[in-house]
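K.L.:
Shown below is the structure under consideration.
Only the coordinates and a few stated rules stand behind these numbers; no lab work does. Predicted model only: the values in this text are computed from it and were never measured. Counting neighbours? That spans all protein chains shown, and the Cβs are built from the backbone with ideal geometry, glycine included.
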Amino acid sequence: MLLFISTSLKAQKIFTILNETNTPISGVSVFTVDNKPTLLAISDEKGIVNLALKAQANYLIHCMGYADTSINSDKLDKLSFIRLREISHPLDEISANAQLSDFVIKKPVLDKVHSIISDLPQNSNIQRVISITIDSGGYLKRLKLFCKVQVKDVAPDYRFLLFSEKNGKPDTLILPLNLKGIRSKREIVFDLMKTNYFLEKGNYFIGYETYNGKAVTKSQIHLHKDKKYITLPVVIYASEENKISFIRQNLSKWTVPKIGVRVDGKLEWEDDLKINFAYELYLMH
């Protein structure tokens with residue numbers, strides 16, 4: 001008698017992510033996109049991805065600064081490397097002899113440390129942005145996000161995001177740069193001068209992309225409504241300014257962060273529309 005066993009797994013697949021000059025790219029996210037987008041793997045410092053390949057699955061390969069690549073399991077199984085195409089954007093020249101003065105869009109009043117609790121599973125790619133209004137255009141110079149000290153393993157890096165605004169929500173990614181922030185004890189700083197980008201008067205969403213690492217200490221773990229532990233990519237210093245922020249997991253739909261509220265002894269979840277992360281955005285004109 002023959003026994004046939006069906007399995008959804010094909011094999012362990014190892015491949016390398018390269019740019020157009022054959023340089024390995026680290027921090028590239030690999031998602032499965034057949035049902036709910038799920039982060040499966042991230043390339044290491046040598047651009048290597050180790051993935052449990054699924055049969056008849058579709059994948060999305062994502063990295064800031066590069067065009068997203070879609071590929072199915074049959075095609076991926078035949079490849080030893082994947083080359084990503086860099087996305088460019090038009091650069092505005094900053095005149096060397098021009099007298100550019102700095103000004104700050106937002107000087108924050110740090111209210112308190114605030115943990116944004118939402119439906120964020122471990123090992124997920126997270127994008128979080130806050131609405132901003134630019135009353136006077138200028139060249140991007142620097143962005144500071146104020147945060148609480150955390151163990152590095154919780155979030156390996158933070159990448160700058162700038163979206164246009166449409167109907168009160170984030171719309172098009174304006175600067176698809178792989179621009180990483182530098183984290184010190186109390187802030188994450190993005191050096192934006194290298195973008196040479198002039199931000200026109202208008203409404204935008206600005207923030208960061210990161211992904212969760214493994215929970216290291218209990219102080220970085222929060223109990224979810226389903227009694228499952230989740231990790232937070234950053235614990236922020238909050239500002240009471242009335243600005244709405246959005247978050248999305250694994251490139252799915254944008255949602256408003258949730259906050260847990262005790263009602264008659266029960267924990268209920270509602271949109272957090274009041275407390276947003278504190279930031280400083282420096283422009284030049």
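K.L.:
Over 24 Å between Cα atoms: which of Lys106/Lys169; Lys141/Lys243; Lys148/Lys169 fall into that group?
P.N.:
Beyond 24 Å between Cα atoms: Lys148/Lys169.
K.L.:
Moving to a separate point now. Collect residues whose amide H, placed 1.01 Å from N in the peptide plane, falls under 5 Å from the amide H of Asn250; neighbours closer than 5 in sequence don't count.
P.N.:
The list, which skips near neighbours in sequence, is Asn125, Ile126, Gln127.
K.L.:
Continuing with the same structure: Going through the cross-link list Lys185/Lys258; Lys36/Lys266; Lys185/Lys274; Lys144/Lys194, which pairs have a Cα-Cα distance over 23 Å in this structure?
P.N.:
Over 23 Å Cα-Cα: Lys185/Lys258; Lys36/Lys266; Lys185/Lys274.
K.L.:
How big is the convex hull of the Cα atoms of region 9-83, per residue, in Å³?
P.N.:
79
K.L.:
If each of Ser164 and Lys46 carries a label point 7 Å out from its Cα toward its Cβ, how far apart are those two points in nm?
P.N.:
That separation, rounded to one decimal, is 4.2 nm.
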